[in-house]
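To start, the structure under review is shown below, and the notes come after it.
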Amino acid sequence: MGGLVLGGWASPATAAGGVPAAAGKPARRPLAERLQVCRPAGDPLDELLRRNLSFSEVWQQAQASGDPQERARLLQERWPLGCQVRPEALAEGQQPWAAILCCADSRVAPEWLFASGSGELFEVRCAGNTAFDAGVASLEYAVAALAVPLILVMGHSGCGAVQAAMATAPLTPLLQELVGPIRASLRPGLDLAGAVRANAVAAAAGLGQRSALLRQAEADGRLRIVAAVFDIASGRVQVV
Ligand SMILES: [Zn+2]
């Protein structure tokens, strides 16, 4: 299916072999191998959660300091980023090992929360973490052309889009459209935290409903779609 839909979009990284040795120079490793130096050997979800746990510990320590520079120093010194793909490889292709669908909120940057470098995470961001047409198409590309095995759909505490969906204040036509799927996920009596969870679960379920390609990839066992919530105060991401 991926070949038919995305035949012209094949990732160079999935097709490239090693580069033959030039006279006097050692052969370069295949591009796919060079792009995968940061790829976890085990389960990608476990790796995301492990990195986030490490982030949240530093985040909470930094929170205890009253001085902005001291907070920045703590975060920079203890930053658990341990891997970076070589820029020359990234210039030729990408092999991200997880996709994140999350809110556009300034506090929710995935590279930060998951201590990840360039080329590791494929991201789709939109206020309220709903994937509309372009977002679903982007994730189809990630799965079909880049063979991303995991989509993490991540809501977050204090989400303004979810708050807007729960409120009755007038919205512009486009914002009205944006909160439509969030409103559809809400049940009576939910507080904001419950609404954020319900919206993350609904947004994750919606991907398979809207995309035959993603549905097929899940059915084939090539893709997992998981819902989670990020708590800004603690820095923790938890699967819901
Ligand atoms: Zn948000």
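Rule-based calculations on the coordinates, nothing more; no lab input. Remember, it's a predicted structure, so these values are computed and weren't measured experimentally. When we count neighbours, we look across all protein chains shown, and the Cβ atoms used for this are built from the backbone with ideal geometry, even at glycine.
Below, the figures for the structure above:
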item	result
Assigned charges on the beta-carbon of Lys, Arg, Asp, Glu; the chain dipole about Cα centre (debye)	240 debye
Cysteines in the chain that, by Cβ-Cβ distance, have no pairing candidate under 4.7 Å	Cys102, Cys103, Cys126, Cys159
Of the DSSP H helices in the chain, those whose Cα atoms cover at least 20 Å axially and whose Kyte score averages -1.0 or more	44-64, 192-210
Simple label model, 7 Å out from Cα along Cβ direction - Arg183 to Ala233, nm	3.0 nm
Unit charges on C-beta of K, R, D, E only; dipole of region 96-239, Debye	300 debye
Separation of the Arg28 and Leu53 label points, Cα + 7 Å toward Cβ, nm	3.8 nm
Protection-proxy order for peptides 145-151, 198-204, each taking the mean of Cβ atoms within 10 Å per residue, highest first	198-204, 145-151
Contour minus Cα-Cα distance for Ala193 and Ser138 (0.36 nm per residue)	17.0 nm
Charge dipole of the chain about the Cα centre (unit charges at C-beta), most positive-ward option of Val153, Pro188, Ala167	Val153
